[in-house]
Amino acid sequence: MRKKLLVGNWKMNKTPEEAKAFALSSKELVDYALAHDIDVGVAPTFVCLQTVVENANKKMIIAAQNVNEHDHGAYTGEISIPMLKAVGISWVILGHSERREYNNETSEACNLKIKALLASDMTPLYCCGESLEIFEKGETKEFVEKQIRAGFAGLNAEEAKKVVIAYEPIWAIGTGKSATKEIAEDTIAFIRGVLASLFGEEAAEEIRILYGGSVKPGNVAEYMSQKDIDGALVGGASLEVESYHQLIEGMIK
Ligand code: 13P
């Protein structure tokens, strides 16, 4: 049985002070969610990670939004796995469509990062998803399959089980135009099928796959009602504690 998961991707939002305020006021919510078998987390910017670790409920998942696969060296502007570990981070979002678009992050680059994270006992949250153009051409599945195969290349089943996936159609991100629950389920079930062909049914059944793209308190329950959708990666609606609380309520329903 896969445990439900809600992750708030804060993107480039919040100062350390604002992030600290969220961390403090979400402490009880984390226990409440866990009492209903829902794991919850947030992904602050690098400069906010430490304050969120120090002030949040210790059981809250705190993820970075990127990492470099090298431990140290001449990589200006980058942050390494040992640096994240040193401030208590064990989850990292990889391959978000915004990083793919604005920072040329490829699935192949994500694969190196996934391997480096797994070698350090950390959890990669690997994002995939197609553009509106690909969706309208009816080529979503081929596109997403390539992202999954490249991201998971060279992993064995035990390693693959430790990766969490988020399917985020780009046309649904920040647009208010969420994918219907049927579209989200269809693609996520397809992804699970790809994982089964790569790593076997048992591993595929264990891998958590989230939906992301204009998830709100009012629609999260619809996604959670689907067989293969294990939770949500949420942008805008995760920024305020009240809305984050309502997302958890929606997931409990
Ligand atoms: P929104 O929830 O703001 O559409 O963002 C989704 C997303 O990109 C989460 O990673």
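The values are calculated or read from the model by the stated rules, or taken from the named source; none is laboratory data. Model, not experiment: these values are computed from the prediction. Reconstructed Cβ throughout: ideal geometry from the backbone, glycine too, with neighbour counts over all protein chains shown. All accessible areas refer to the heavy atoms of the entire protein, side chains included, with ligands and DNA or RNA removed. Shrake-Rupley method; radii C 1.70, N 1.55, O 1.52, S 1.80 Å.
Before moving on, here are some points about what is shown:
- Pairs, first free of Cβ contacts under 8 Å to residues at least 12 places away in the same chain and more than 10 Å from the ligand (Cβ to nearest atom) in the stretch 170-190, second of a type in the set (Ser, Thr, Tyr) and open to solvent by less than 40 Å² (accessible area, probe 1.4 Å), C-beta under 9 Å, six or more apart: Asp186/Thr140
- Whenever a residue of the stretch 216-235 is more than 14 Å from Arg2 (Cα to Cα), its partners that are part of a helix (DSSP H, G or I) and of a type in the set (Lys, Arg), lying with C-beta atoms within less than 7 angstrom and at least six residues away or across chains, give the pairs Glu222/Lys181; Tyr223/Lys181.
- Extreme residue, nearest to the ligand (Cβ to nearest atom), among residues of the stretch 213-223 that are open to solvent by 10 Å² or more (accessible area, probe 1.4 Å) and in a loop (DSSP other than H, G, I, E, B): Ser214
- Scanning the stretch 125-134 for residues that are away from the ligand (no atom under 16 Å from the Cβ), touching a residue at least 24 places away in the same chain (Cβ under 8 Å) and open to solvent by 50 Å² or more (accessible area, probe 1.4 Å) turns up nothing.
- Residue in the stretch 165-173 that is small (Gly, Ala, Ser), open to solvent by 30 Å² or more (accessible area, probe 1.4 Å) and touching a helix residue (DSSP H, G or I) at 6+ places or on another chain (Cβ under 9 Å) present: no
- Single residue of the stretch 224-253 satisfying the filter (touching a helix residue (DSSP H, G or I) at 6+ places or on another chain (Cβ under 6 Å) and more than 30 Å from Lys20 (Cβ to Cβ)) that is surrounded by the fewest Cβ atoms within 10 Å (Cβ to Cβ): Lys253
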